[in-house]
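The values are calculated or read from the model by the stated rules, or taken from the named source; none is laboratory data. Just so it is clear, the structure is predicted and the values come from calculations on it, not from any experiment. Note that each Cβ is placed from the backbone with ideal geometry, even for glycine, and that neighbours are counted across all protein chains shown. Side chains included, ligands, DNA and RNA excluded: accessible areas come from the protein's heavy atoms. Shrake-Rupley method; radii C 1.70, N 1.55, O 1.52, S 1.80 Å.
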Amino acid sequence: MAILVTGGCGYIGSHTVVELIKNGYDTVIVDNLYNSDISALDNIQKITGVKPVFYECDIRDKDGLDKIFTENEIEAVIHFAGLKAVGESVAKPLMYYENNVGGTVTLVQSMLEHGVKKIVFSSSATVYGDPDRVPITEDCSLHPTNPYGNTKYMVEMILRDVCVSDPEFSATLLRYFNPIGAHESGLIGEKPNGIPNNLMPRIIRVAKGEAEAITVFGKDYPTPDGTGVRDYIHVVDLAEGHIKALRAAKAGAKEYNLGTGTGYSVLDIINAFEKASGIKIKTLDCPRRPGDIATCYSDPSAAEKELGWKATKTLDEMCVSSWNFAKDK
Ligand code: NAD
Ligand code: UFG
């Protein structure tokens, strides 16, 4: 029996495949390589000694999925495949609904037709929008503020409805906070296409001399140093969360925050990166970025209590591994 990993060549997916293999699972990856590279497979093999079975296929391709479920004995699906750029989702909402929502519907149809009844889904803290309170618990209200966030919210609802219709179906909805960092080998990590939007890849561009300075979006937030506060989590901790979620999964739908529970500001991250890399990062004070919130960090205690999972890696490890991966790419 194997675990089917959709989007397994991507950033979080490739780290999760490594952890699955380390934990003795057979893996099958389906990815259309829209935002990743086939070289991820060789790098997974270099780290683990095992090359996962791979299908280059879009999850909207029902025949392609049926072939995968027919050719492999799949016990569960970890579903990462999706588009994730908030700004792009505002400009191209239908592309996001078609890929993230439509793709999931096709995937679950194929799962059900082949008797596969367990899914672990990549949701996001973005479903909380501007949160009711921090730290955010899973029962905070859900009000995403952009099409990308809406797709995550809609997929959560779809999976809940499937669980109601089929009492044996299990859906674990993992709401990630801000993943950064890379595998310690430096072989896999985040490789954004084009100019990145997220803080860590943008700091790295400055460190590599590809940009002059990091734009600090707002110094007037009601936070200790005035800059935005987020819950950054090491991608390897996040990947381990999927193994725990897979093991603990029961019939029905259940949501968990995957974060560290600690908030760091933009300036905290820049300072930590400077310390980890030994490189001075020039900053440029800019107005707030539209749509940003002041503070977002998790209460991850439900995942600890019910999944037996807790993030353990430090901010220094996140920065060191991010730089170790990116510096010569
Ligand atoms: P990523 O872009 O690196 O990985 C996604 C992978 O899915 C890519 O390899 C891409 O080629 C593939 N893919 C996209 N659409 C596909 C399709 N229709 N069929 C087959 N493959 C397809 O992104 P990531 O950072 O690894 O994120 C993985 C998941 O986690 C996404 O669903 C994302 O929305 C979610 N998430 C990410 C973050 C983050 O900050 N990175 C935060 C919260 C949630
Ligand atoms: N920031 C800067 N300068 C930059 C980039 C970011 O100051 O050049 C700041 C932002 O204003 C924010 C913080 O750094 O305060 C983090 O920004 P990111 O873009 O890295 O992350 P966000 O928290 O805005 O968004 C991320 C994902 C979204 C997801 C959201 C909630 O990119 O997809 O977390 O999970 F929806």
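Accessible-area rank, largest first, for H143, H234: H143, H234, with all protein chains present and a 1.4 angstrom probe. Modelled this way, with points 7 Å down the Cα-to-C-beta line, the labels at K280 and E210 are 2.3 nm from one another.
For segment 1-106, which chymotrypsin sites (Phe, Trp or Tyr not before Pro) are both in a DSSP coil and crowded by at most 15 other Cβ atoms within 10 Å?
Details: sites: Y11, Y25, Y34, F54, Y55, F69, F80, Y96, Y97; in loops: Y25, Y34, F80.
In loop regions of segment 1-106 (DSSP not H, G, I, E or B), the sparsely surrounded chymotrypsin sites (Phe, Trp or Tyr not before Pro) are Y34.
How big is the dipole moment of the chain about its Cα centre under a simple scheme where the beta carbon of each Lys and Arg is +1, that of each Asp and Glu is -1, and everything else is neutral? Debye, nearest 20, please.
Numbers: 34 positive and 44 negative charges, 129 e Å.
So the magnitude is around 620 debye.
Computed over protein heavy atoms with a 1.4 Å probe, the carbon and sulfur contribution to the accessible area of the chain reaches 51%. Which links in K118/K152; K51/K282; K84/K327; K219/K329; K92/K313; K280/K305 stretch past 29 Å when you go from one Cα to the other? Beyond 29 Å between Cα atoms: K51/K282; K219/K329; K92/K313; K280/K305.
Fully extending the segment from S141 to S185, taken as 0.36 nm per residue of separation minus the present Cα-Cα distance, adds 11.9 nm.
Rounded to the nearest 0.05, what FRET efficiency do L112 and N198 give with R0 = 25 Å and r taken as the Cβ-Cβ distance? Could you check? With R0 = 25 Å, the Cβ-Cβ based efficiency is 0.10. Extending 7 Å from the Cα toward the beta-carbon at both D37 and D328 defines two label points whose distance is 1.4 nm. Taking θ as phi - 60° and the Karplus parameters 6.51, -1.76 and 1.60, the scalar couplings of segment 167-182 work out to x, 8, 6, 10, 10, 9, 9, 9, 9, 7, 8, 9, x, 9, x, 7 Hz in sequence order, x denoting glycine and proline. Comparing I204, I293, I44 in a Gaussian network model of the chain where C-alpha atoms under 10 Å apart are linked, the largest mean-square fluctuation is found at I293. Relative to the longest principal axis of the chain, what angle (0 to 90°, nearest 10) does the C-alpha long axis of helix 147-165 take? For helix 147-165, the angle is close to 30 degrees.
Taking springs between alpha-carbon atoms closer than 10 angstrom, which of P179, P144, P196 fluctuates most in the Gaussian network model of the chain? Taking springs between Cα atoms under 10 Å, the residue moving most is P196. If you take the alpha carbon atoms of segment 97-243 and fit the smallest convex hull around them, that volume is 160 Å³ per residue.
GNM on the chain, alpha-carbon springs under 10 angstrom: the most fluctuating residue among A251, A207, A91 is A91. Net charge of the neighbourhood of N100, taken over other residues with C-beta under 11 Å away and scored Lys/Arg +1, Asp/Glu -1, is +2.
Look at where the Cα atoms of segment 156-209 and of segment 116-138 average out, and the two centres are 12 Å apart.
To the nearest 10 degrees, how steep is helix 39-48 against the longest Cα principal axis of the chain, on a 0 to 90 scale? Tilt relative to the chain: about 90 degrees. Applying the criteria of a DSSP loop state and at most 12 other Cβ atoms within 10 Å to the GluC sites (Glu not before Pro) of segment 203-266 yields E210, E212.
Rounded to the nearest 500, what is the chain's calculated 222 nm mean residue ellipticity when only DSSP H runs of at least 4 contribute -39500 (n - 2.57) each, over all residues?
Working: 11 runs with 119 residues, N = 329.
Taking each H run of at least 4 residues, the total per residue is -11000 deg cm²/dmol.
Averaged over its residues, the chain has an accessible area of 43 Å² per residue, based on protein heavy atoms and a 1.4 Å probe.
Across segment 93-110, computed HN-Hα scalar couplings (Karplus, 6.51 cos²θ - 1.76 cosθ + 1.60, θ = phi - 60°) run x, 5, 4, 6, 5, 5, 6, 6, 8, x, x, 5, 4, 4, 4, 5, 4, 5 Hz from first to last residue, x flagging Gly and Pro.
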